[in-house]
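Input: a single structure, listed below in structure tokens.
The values are calculated or read from the model by the stated rules, or taken from the named source; none is laboratory data. Note that the coordinates shown come from a computational prediction; the quantities given were computed from them, not determined experimentally. Cβ coordinates were reconstructed from backbone atoms using ideal geometry, including for glycine residues, and neighbour counts include every protein chain displayed.
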Amino acid sequence: MSRLVSLLLAVLLGLAIGFVLWGDRSERAAAPDDWVARIGDRYISVEEFAEELRLRGGNRPGQFFSAEQRSALLDQLLYQEALVNRARDAGIHEKPEVRRSRDQILVNQILQADLRPRQADADIAPEEIRTFYEANADEYAIPARRRVAMIFFALGPDAGDQAREDVRARAEAVRTEALAMADEIPDFGMLARENSEHQASRYRGGVIGWIGEGNPSRYSYPEIVVETANASTEPGFISPVLEGEDGLYLVRLVDYQPRATRSLEELQDGIRQRLLRDRFNQVEQDFRDETLAAADIEIRPGALDRFQPEGAPPEQQPEQPPSLPASQTGGN
């Protein structure tokens, strides 16, 4: 059954193409000066038959060399026209699916003939690229980032004053050791392994990765850790003992990469593509406005209110935060 449906759809599409190519022939067409055959009021001219020969590979050696081959092609064209006439007599050309196929062919043809050449003529001058680059230099800058290490001393929500004092004293002692070893290692080294309760970083010298400037909430670390790290630009800096909601922290700046700008030469190809895309979209919007303005359109007030959706309302999806550039994630 699916094969039969596919075959019928293919026939309908072929008929739709025939309607598009040959148009409405409700009135008998005048005979051309030079024609090959006639079927009803439809004439196949010499020019049209020559075009069919060309489209079907008439320039290949031996193709349509004999009168029999040319006669077979003519017979095929006449049969197709007879099918079109028969379909019209049966009212198939009024079927919605045929109308849609025909209309889509017409739409594609006018877009190729009228809109695409306008877009092909669009170009971006070097001055436009430079102007855009200068106006949006900040957008293309690489933000400063810092490679950070930390030691975490956990404190439960029910920890009493004495427990808090003991953990703070321990954190202060570890900080003193870290300061004494600051010139020997770039991170917290063995101090992180022996003291930190942050399992992901304790065996890496406490290193948690790179942290970019701005919007500390995008990181899983406490805000005070991110803000303290971003406040320093000197590798080797070791923070005082910091208090978070779940415990105490020591933070060390392992490495610092300042904000960097990218040159016009590096970015000009990408900027040109962006401007060209915007230009294409504008050309298409102008073409759309021009086409609608030339049409005789009337929309009845309130007409759309009568139509109710058949499906269920869309599910409410939680808003997702934008993804981070790779250079600003917490990777090492």
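Key figures for this structure:
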{"quantity": "Any hit, the stretch 177-190, residues being buried (at least 18 other Cβ atoms within 10 Å of the Cβ), within 23 Å of Asp246 (Cβ to Cβ) and free of Cβ contacts under 8 Å to residues at least 60 places away in the same chain", "calculated": "no"}
{"quantity": "Which listed residue is farther than 30 Å from Glu127 by Cα, at pLDDT 95 or above and not in a helix (DSSP H, G or I), from Pro240, Pro186", "calculated": "Pro240"}
{"quantity": "Total residues in the stretch 123-152, condition within 16 Å of Asp269 (Cα to Cα), surrounded by 13 or more Cβ atoms within 10 Å (Cβ to Cβ) and either in contact with a helix residue (DSSP H, G or I) (Cβ under 6 Å, 6 or more places away or on another chain) or among the charged types (D, E, K, R) (or both)", "calculated": "7"}
{"quantity": "Residues of the stretch 122-157 that turn out to be in contact with a Leu (Cβ under 7 Å, 6 or more places away or on another chain) and in a strand (DSSP E or B), as a count", "calculated": "5"}
{"quantity": "Residues of the stretch 279-330 satisfying the condition of being loosely packed, with under 10 Cβ neighbours inside 10 Å and modelled with pLDDT under 65", "calculated": "Gln320, Pro321, Pro322, Ser323, Ala326"}
{"quantity": "Selected residue (only one of Pro61, Pro96 is at pLDDT 90 or above, surrounded by fewer than 16 Cβ atoms within 10 Å (Cβ to Cβ), outside the structural domain of Asn281 (by TED's automatic domain parsing) and not basic (Lys, Arg))", "calculated": "Pro96"}
{"quantity": "Flag if Gln104 is in contact (Cβ under 8 Å) with a residue 40 or more places away in the chain, assigned by TED's automatic domain parsing to the domain that holds Phe49 and not aromatic (Phe, Trp, Tyr)", "calculated": "no"}
